Each structure stands twice: as structure tokens, then as C-alpha cells.
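Heads up: the structure comes next, in C-alpha cells.
The values are calculated or read from the model by the stated rules, or taken from the named source; none is laboratory data. Since we're looking at a predicted model, the values are computed, not measured. Here the Cβ positions follow ideal geometry from the backbone for every residue, glycine too, while neighbour counts run over all protein chains shown. To get the accessible areas, we keep the full protein, side chains included, count just its heavy atoms, and leave off ligands, DNA and RNA. Shrake-Rupley method; radii C 1.70, N 1.55, O 1.52, S 1.80 Å.
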Amino acid sequence: MPRIWLASYPKSGSTWVRAWLQNYLLPLGRPATLHEITHSSFVIGPKTPLPPGDGVVFTKTHDRYAPAVHGSDPVIYIHRRREAVIKSAAKHWGMSEAAARAQVEYGRPLHIKSWFKANLALTIGYEDLPDGFGALADYLEETCGIAGDIYKAARNSHIDVLRADEAANGFAEKSQYQERFFGSRLNKEEAGIE
């Protein structure tokens, strides 16, 4: 079964991309739940063995690229503006913005640089979403022969839909320091956009 890596530095938007993929690849006639997204058979964690079959599987990772682990499989790299990562990481990691800034400013450039040694197939910017899902849909159709309803997937993975599901059912990926995983999107100034 072919693997495509979903690589990102933590707090860069991989959960939103996984939600969109779940809704795009496995349309249910309703939004996929956060439980379904985190327990998907085709969007898996890096330590999960590849399932048997002919379909494609996406593997989420926040690790730096390592040739012995990640090989030459194609990579979709998800990135987000530094200031937005710092604000989100501070909340998720339960630390001050100054402490998060130090950690992000050290680790994020090394992470990004490492993945440019990989078989980089596509990069997606968090700030470009949901419009950026069009490039992902094009990639899936051109390279994997997978076509779906991009607009329905975007509606079903809208941040408000994810927030409502989290409010009703919780979310396992929320840290102990957060009131909720899906906060509000930052305005341009907060995200470091001029």
C-alpha cells in the first residue's frame, strides 16, 4: 500500500488537513467526527503498520525527516506562520509565549529544513486554507486517481464544524493545558501577516 507522509511542525494545521482528507476520501453524507478522524484507517500515526491493500495511506508525523524512517515516499508538508505557531503552541504546551517562542524558533527551522531533503510533493500553508485544499485535491487526482467533492469536504471540515464536535464530544488531542483544541483563527496581525 503506498504511503504519503503528512509532515508538519506541531501546531501547524495537520489536524485540519486530516479532517479534510477524511471528509474528501470517505464521504459519509455528514461531517466526519473527530473520533473518526483520529481513528481513521487511511490517516494513521507514524508507528502504525501499513494496512494491507491497494489504496493510499496518509501518515501524520511531527518528527524531523529521517531517510531511514521516511524513505522516499511522497510528502505533503503543512506549514504555518511562525507567530501563529508560537501562540498556538504556548496554549497547547502550557507555557508562556516567550518559552514557546524559544522552542519554536529553535526547532521549527530545523524541522522545515529537514523535510526539504525528502520527496516533497506538495506544500500547504495553513493561512491558505480552506482555498489550499484545491491544490491537495488536484494532487490526489493526478497522482493517486482519487477524486472527491472538494466543496463538501471543505464544508464538512470547516473549523466551526470541528469546534461544535469538540464541544459536544471532546477531542482526545486536546492537551491538559487547553480549554479547547480548536481555538479561534488568529487575525492577520496576530498571525504575523502584514
Accessible surface of the chain, 1.4 Å probe, proportion on carbon and sulfur as whole %
51 percent
Output needed: percent of Cα pairs per 5 Å distance bin for the chain, bins running from 0 to the one holding the longest distance.
1, 7, 15, 20, 22, 17, 11, 4, 1, 0
Would you mind getting the accessible area per residue of the chain, heavy atoms of the protein chains only, 1.4 Å probe, in Å²?
52 Å²
Counting only other residues whose beta carbon sits under 13 Å from that of Ala168, what net charge do I get with K and R as +1, D and E as -1?
-1
Please give the charge dipole size of region 135-177, origin at the Cα centre, charges +1 on K and R Cβ atoms and -1 on D and E Cβ atoms. Round to the nearest 20 debye.
200 debye
Ordering 107-114, 141-148 by per-residue average of other C-beta atoms within 10 angstrom, highest first, gives 107-114, 141-148
